[in-house]
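Structure record follows, encoded as structure tokens.
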């Protein structure tokens with residue numbers, strides 16, 4: 001395969017990877033935040049526990065985006081598929 005095709009497909013893969021990672025994380029954070037607000041409305045006295053679990057969940061969801069970003073940067077700048 002020609003080197004230009006490899007670079008183009010690597011860039012496309014990097015864009016799709018970071019895009020899907022960000023979309024998935026955004027949806028997850030939105031759902032988690034909505035459920036946290038719903039839980040706070042039902043049990044305001046559990047605010048500390050809910051907030052702590054929400055922040056921990058958001059951190060885990062954001063690490064998915066960081067992993068996708070790292071892999072995308074590797075595909076674009078340190079492409080292992082080129083000759």
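Below 8 Å between Cα atoms, with a sequence gap of 6+, how large is the relative contact order for the chain in percent?
56
Stretch residue 42-residue 59 to full length: gain in nm at 0.36 nm per residue minus the Cα-Cα span?
3.7 nm
Starting from the Cα-Cα distance between residue 20 and residue 74, subtract it from 0.36 nm times their residue separation and give me the gain in nm to one decimal.
In short, 17.8 nm is gained.
What value, in deg cm²/dmol to 500, does the helix sum -39500 (n - 2.57) over DSSP H runs of n ≥ 4 give at 222 nm once divided by the residues of the chain?
For the chain, the value works out to -31500 deg cm²/dmol.
Over the Cα atoms of the chain, what radius of gyration and what Dmax do you get, in Å?
Rg and Dmax of the chain, Cα atoms, are 18.6, 63 Å.
Sorted from largest down, give the three principal axis spans of the alpha carbons of the stretch 29-74, whole angstrom values.
Largest first, the stretch 29-74 extends 46, 16, 6 Å along its Cα principal axes.
Read the figures in this text as sums done on the coordinates, not as results from a lab. Here the structure is a predicted model, which is why all the values come from computation and not from measurement.
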